[in-house]
1. Out of all the residues in segment 148-164, is one or more surrounded by 13 or more Cβ atoms within 10 Å (Cβ to Cβ) and under 30 Å from D41 (Cα atoms)?
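Since every read-out is calculated from the coordinates, none of them should be taken as a lab result. No experiment lies behind these values; they were computed from the predicted model shown. All Cβ positions, glycine included, derive from the backbone under ideal geometry; neighbour counts span all protein chains shown.
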Amino acid sequence: MRRKLILLFGLMLMIGLLISGVALAQDGTPPPPTARPVTSDDVNRIARQMYCPICENEPLDACRTAACAQWRAQIGQLLSEGQTESQIKQYFVERYGLRVLAEPPASGVTLWLWVLPVIGLVIGGAYVVILMRRMRARNTASVKAAASAPKLSDAGDYAQRVERDLKNF
């Protein structure tokens, strides 16, 4: 019986040491989440919202320069590190300025880029409406004047009208 107790105690001691060894081997940080691999669609979703650093007005996802390929690779690396879309865009804005973004943020000075076209459309629309009303009023006035004017039947009446208009002028 004693032998069984010593064997059981030894077995429990070995299991305890094994479990504590595993627990001591851990550094306390949680294991990384099982992240899915970054695909080219993920990279292009962000690259579509940015412009090429070399070509004028060329989206980053469509440009085939070496610089754009490096930027797309860098976006893929940042995505694999777990950064979000807004963090990645902010990373590029900090290094290269707002010109890398396809849509500037609607704040501060760039707010005028969003507001001015709307104001221009409203003012232009009002101008067209006023212009159309003036043209319609002018057209109806000329139609009324033509209706009230005496009918000229021959060349003599025409000459008299020209003489009258010259005197009034």
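1. Our first condition is that a residue be surrounded by 13 or more Cβ atoms within 10 Å (Cβ to Cβ); within segment 148-164, this holds for 161.
If we keep only those that are under 30 Å from D41 (Cα atoms) too, we end up with none.
No, segment 148-164 contains no residue that is surrounded by 13 or more Cβ atoms within 10 Å (Cβ to Cβ) and under 30 Å from D41 (Cα atoms).
To keep it simple, each residue is scored yes or no on (1) within 18 Å of the chain's Cα centre (by Cα); (2) free of Cβ contacts under 8 Å to residues at least 40 places away in the same chain.
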| residue | (1), (2) |
| --- | --- |
| T39 | no, yes |
| D42 | yes, yes |
| M50 | yes, no |
| L79 | no, no |
| G82 | no, no |
| V93 | yes, yes |
| R99 | yes, no |
| R134 | no, yes |
